[in-house]
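Step one of this worksheet: look at the structure below.
The values are calculated or read from the model by the stated rules, or taken from the named source; none is laboratory data. Keep in mind the model is a prediction, meaning the values are calculated, not measured. No Cβ is skipped: glycine too gets one built from the backbone with ideal geometry, and neighbour counts run over all protein chains shown. Each accessible area value is taken on the protein alone, full model and side chains, heavy atoms only, with ligands, DNA and RNA left out. Shrake-Rupley method; radii C 1.70, N 1.55, O 1.52, S 1.80 Å.
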Amino acid sequence: MTTIAIHGHKGKLGSLITQHHPCLTIDRDGPIPDCEVVIDVTSPEGLQTLIPKLSGQALLIGTTGELPWSEIEAYALTAPVAVVANFSVGVPVLLSLIDTALKMLPDGWDIEVVEVHHNQKKDAPSGTAKRLVRAIELHGYSEIPTHALRVGDTFGEHTIWMSGPGERIEIKHVATQRQVFAIGAVRWAQWLTEQPIGLVRD
């Protein structure tokens, strides 16, 4: 069994991960326990304080926002590191569908992204929305309008609108249970321990 330590175990996602997999925990000012992989689900500031404490453990980053990329890239020279905006199974499928659709669409269609999360989520647009925009930009689009709603207790919804003359395509992923992110985090952590040194961005 992969030995996982959680940085951010008191948060919503961190606490769920500990329910799905036996995990060690890392307090903000505490040491790094003996483990194979560290999962960070705190904040950009929390991640920045964590990285200098690490000593070769694989690092899985589920934190979103303005990440400390220089520190991440430097640590990735010494250990496997993955930055994953969304741990669900469905978002990689969504990315594949976007790629297929944009290869088939004629020029001139309008592409926009709409994302919805609970009213406690701090960053907007979400890390997943930014990932979707990067996927769209690979097809030559730029300045993709992105709309962020922060309402109620919505776990996460991401919709890509593709609109042309007289018709529209909507590709959408909806998370109906927060547990999918915890299960996915453990799956990513187990995979990351088998990877070589370097940086992976989902």
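Filtered by the rule that a residue be surrounded by 17 or more Cβ atoms within 10 Å (Cβ to Cβ), at pLDDT below 95 and farther than 21 Å from residue 45 by Cβ, segment 101-145 gives a lone residue, 131. Please go through segment 138-150 and pick out each residue that is farther than 13 Å from residue 110 by Cα and either outside any loop (DSSP other than H, G, I, E, B) or among the hydroxyl-bearing types (Ser, Thr, Tyr) (or both). Within segment 138-150, 147, 148, 149, 150 qualify.
Just a yes or no: is a residue in segment 74-83 in contact with a Lys or Arg (Cβ under 8 Å, 6 or more places away or on another chain) and at pLDDT 95 or above? Break it down stepwise before answering.
Residues of segment 74-83 that are in contact with a Lys or Arg (Cβ under 8 Å, 6 or more places away or on another chain), as a first pass: 82-83.
Now restrict to residues that are at pLDDT 95 or above: 82-83.
Yes, the conditions are met somewhere in segment 74-83.
Residues of segment 151-202 that are surrounded by 12 or more Cβ atoms within 10 Å (Cβ to Cβ) and assigned to a loop (DSSP other than H, G, I, E, B): 154, 155, 178, 193, 195, 197, 202.
Can you say whether residue 167 is among the acidic types (Asp, Glu) and closer than 30 Å to residue 20 by Cβ, as far as the supplied structure shows? In short, no.
Of the residues making up segment 91-100, those that are in contact with a strand residue (DSSP E or B) (Cβ under 7 Å, 6 or more places away or on another chain) and either open to solvent by 20 Å² or more (accessible area, probe 1.4 Å) or of a type in the set (Val, Ile, Thr) (or both) number 3. Quick one: is residue 61 β-branched (Val, Ile, Thr) and over 25 Å from residue 173 (Cα atoms)? So residue 61 fails the test.
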